[in-house]
Amino acid sequence: MRYLLFALGLWLPLSLQAAEKLNVVTSFSILADLTREVGGDHIDLINLVDADADAHLYEPSPDDAKALLRADLIIANGLGFEPWLERVLASSEPSGKRINASAGVVPLMLNEDGERVPDPHAWQSLTNAEIYVRNIAKALGELDPAHRDVYDERRDAYLTRLHALLKKADAQIASLPPSQRKVVTSHDAFGYLGQAWQLEFIAPQGLSTHDEPSAADVASLIRQIRSEGVRAVFVENIRDPRLIEQIADEAGATVGGTLYSDALASEGPASTYLGMFEHNLDTLMAALKP
Ligand code: ZN
């Protein structure tokens, strides 16, 4: 009997603790990091599109569908970034709450194949990332009011770090002359970064990575790099670097390094959102500063 009580005593608190944790699913690595920062040990998190992977081309697995069915909270980017998630959710109709972390962001509208569409890559602005973090903390606090104070505290601590990086970015980018603000990347993932700091990002591929650029697009980009004296050409972690290397080579430009666009790095400093942003900032500055 004593043994049974002892065993129950061990088992009960553990199972209660486990049951109390929110099951959260995030669509891609950047949201996973922001959500872990806010949720800490109080949530069980499953992330769908891994670090260094391309969310535009993602095919969800049966395990992903199961995780979505079990989730108390599903956190997506929104702005048309995850069409594959919409398809799974439409067919499985999970009961968990669904939020778009980008809710409240002012979308950058672009022309894509003759249509006006929102640019989904809103996380490439730190000001928008603050909106993401606030949305995530609010959703966690609503679903798990017992830990709302913890989520709010963790949110505020994170935003203090984010604001420090914002200050650094403002100061560094402000020092760039107007003539040195043109950047070439693989696909149009940095519109919000460009908008926030008056940098012009040019890419052979559009907002998504679905369509390969035509030979004419590539030739026109090479001419533009030559005629405008663009010095900074970058590969992206989620894309095959060969096209950009070929463009840089033919335009007589050098590849300034790797920018993290739609996914964190699997390891190293760019494996967190703030680390990724700082890596991109430092890499851009090293190539652009006079
Ligand atoms: Zn993208």
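Looking at S261, S266, S271, which is the one that is in contact with a strand residue (DSSP E or B) (Cβ under 8 Å, 6 or more places away or on another chain), more than 18 Å from K167 (Cα to Cα) and polar (S, T, N, Q)? Within the list S261, S266, S271, the selection yields S261. For R134, state whether it is free of Cβ contacts under 8 Å to residues at least 12 places away in the same chain and under 19 Å from D72 (Cα atoms). Against the criterion (free of Cβ contacts under 8 Å to residues at least 12 places away in the same chain and under 19 Å from D72 (Cα atoms)), R134 does not qualify.
If you filter segment 143-162 down to residues that are assigned to a helix (DSSP H, G or I), in contact (Cβ under 8 Å) with a residue 24 or more places away in the chain and not aliphatic (A, V, I, L, M), you find that the one that is farthest from R98 (Cα to Cα) is R161.
The rows are residues; the columns are (1) touching a helix residue (DSSP H, G or I) at 6+ places or on another chain (Cβ under 9 Å); (2) farther than 27 Å from R154 by Cβ; (3) hydroxyl-bearing (S, T, Y); (4) free of Cβ contacts under 8 Å to residues at least 12 places away in the same chain.
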residue	(1), (2), (3), (4)
I46	yes, no, no, no
E59	yes, yes, no, no
A65	yes, yes, no, no
V106	yes, no, no, yes
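Note on segment 107-141: residues that are modelled with pLDDT under 95 and part of a helix (DSSP H, G or I) total 0. If I filter segment 201-246 down to residues being in a helix (DSSP H, G or I) and hydroxyl-bearing (S, T, Y), which single residue comes out as surrounded by the fewest Cβ atoms within 10 Å (Cβ to Cβ)? Filtering segment 201-246 for residues that are in a helix (DSSP H, G or I) and hydroxyl-bearing (S, T, Y), the one surrounded by the fewest Cβ atoms within 10 Å (Cβ to Cβ) comes out as S227. Considering only segment 233-258, state which residues are under 25 Å from A55 (Cα atoms) and not β-branched (V, I, T). If the condition is that a residue be under 25 Å from A55 (Cα atoms) and not β-branched (V, I, T), then F234, E236, N237, R239, D240, P241, R242, L243, E245, Q246, G256, G257 are the ones that fit. Selection of first residues in segment 164-182 that are at negative phi and of second residues that are in a helix (DSSP H, G or I) and of a type in the set (D, E, K, R), restricted to Cβ pairs under 8 Å at least 6 apart or on distinct chains, gives the following pairs, ordered by first then second residue: L165/E278; K168/E278; K182/E228. Within segment 250-272, the only residue that satisfies the criterion of being of a type in the set (D, E, K, R) and crowded, with 21+ Cβ neighbours inside 10 Å is D262.
Inspect all residues belonging to segment 108-130 and state whether any of them is aromatic (F, W, Y), at negative phi and within 16 Å of the ligand (Cβ to nearest atom). The answer is yes; a qualifying residue exists. It is to be established whether one or more residues within segment 257-269 are among the acidic types (D, E), away from the ligand (no atom under 16 Å from the Cβ) and touching a Leu at 6+ places or on another chain (Cβ under 9 Å). No - not one qualifying residue is present in segment 257-269. When D64 is tested against (1) more than 20 Å from F201 (Cα to Cα); (2) within 16 Å of the ligand (Cβ to nearest atom); (3) crowded, with 18+ Cβ neighbours inside 10 Å, just one condition goes unmet, and that condition is (2). Any residue at all in segment 185-195 that is part of a helix (DSSP H, G or I), of a type in the set (F, W, Y), at pLDDT 95 or above and within 14 Å of the ligand (Cβ to nearest atom)? Within segment 185-195, one or more residues are part of a helix (DSSP H, G or I), of a type in the set (F, W, Y), at pLDDT 95 or above and within 14 Å of the ligand (Cβ to nearest atom). Applying the criterion of being in a helix (DSSP H, G or I) and over 19 Å from K138 (Cα atoms) to the residues of segment 34-61, the residue that is nearest to the ligand (Cβ to nearest atom) is H56.
The values are calculated or read from the model by the stated rules, or taken from the named source; none is laboratory data. Just so you know, these numbers come straight off a predicted model, no measurement behind them. Heads up, the Cβs are rebuilt from the backbone with ideal geometry, glycines too, and the neighbour counts pull from every protein chain shown.
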